[in-house]
Amino acid sequence: PAPIAVIPLQIELANLSVVEVTDEQATIQIDFRVTDLNYKSIILQMIKYELYEDGKRVTTEEIGQRPEGMVDVSNYFTILSNSPQVIGDTITIKNTGNTPELWSALANNTAKWTVKGEAYYNLSSMTSGQENITPFELTR
């Protein structure tokens, strides 16, 4: 039988905001809106992403985790068909003192963000079908 065609997940930036900035660190909240356009629910295993400010990479993060070998992973998200879900992450960035422009942009809320990443997912059961990957690039 032919493999089931999977419609790629839609990944949007629901929120990207600086929660707090001190001299030592900054806390950033990022929320992805994930929409499943398939007729079945999807198991979202992981969103891996890089956060850039004004073209410079600030951090690499991941939400969830991919199963490795025969290990069953419980840390995943079920995305129901046509029922967008917001999946968030809180990032803490340490101030190394080497990026005064970044710290100024964070403090003044003038940061120019780009988020580049990939979502890893499968149709409803973890075993059926191969893993699907949807790359994305979002700006705010």
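The values are calculated or read from the model by the stated rules, or taken from the named source; none is laboratory data. Since this is a predicted model, take the numbers as computed values, not measurements. Please note: Cβ atoms are built from the backbone with ideal geometry, for glycine as well, and neighbour counts cover all protein chains shown. Quick note on the areas: whole protein, heavy atoms, side chains included, nothing else; ligands and nucleic acids left out. Shrake-Rupley method; radii C 1.70, N 1.55, O 1.52, S 1.80 Å.
Can you give the charge dipole size of the chain about its Cα centre, rounded to the nearest 20 debye, using +1 on the beta carbon of Lys and Arg and -1 on the beta carbon of Asp and Glu?
Values: 10 positive and 18 negative charges, 63 e Å.
Using Cβ point charges on Lys, Arg, Asp and Glu, the chain gives about 300 debye.
For E50, E101, what's the largest-to-smallest order of accessible area, 1.4 Å probe? All intermediate terms of the calculation are to be shown ahead of the outcome.
Values: E50 50, E101 130 Å².
Sorted by accessible area, descending: E101, E50.
For the chain, the per residue solvent-accessible surface stands at 57 Å², with DNA, RNA and ligands left out and a 1.4 Å probe. In the context of the full protein assembly, W103 retains an accessible surface of approximately 30 Å², using a probe radius of 1.4 Å and ignoring ligands and nucleic acids.
When the chain is treated as a Gaussian network with alpha carbon springs shorter than 10 Å, the biggest mean-square fluctuation among D31, D54, D23 belongs to D23. Counting only protein heavy atoms and a probe of 1.4 Å, the accessible surface of the chain is 48% carbon and sulfur.
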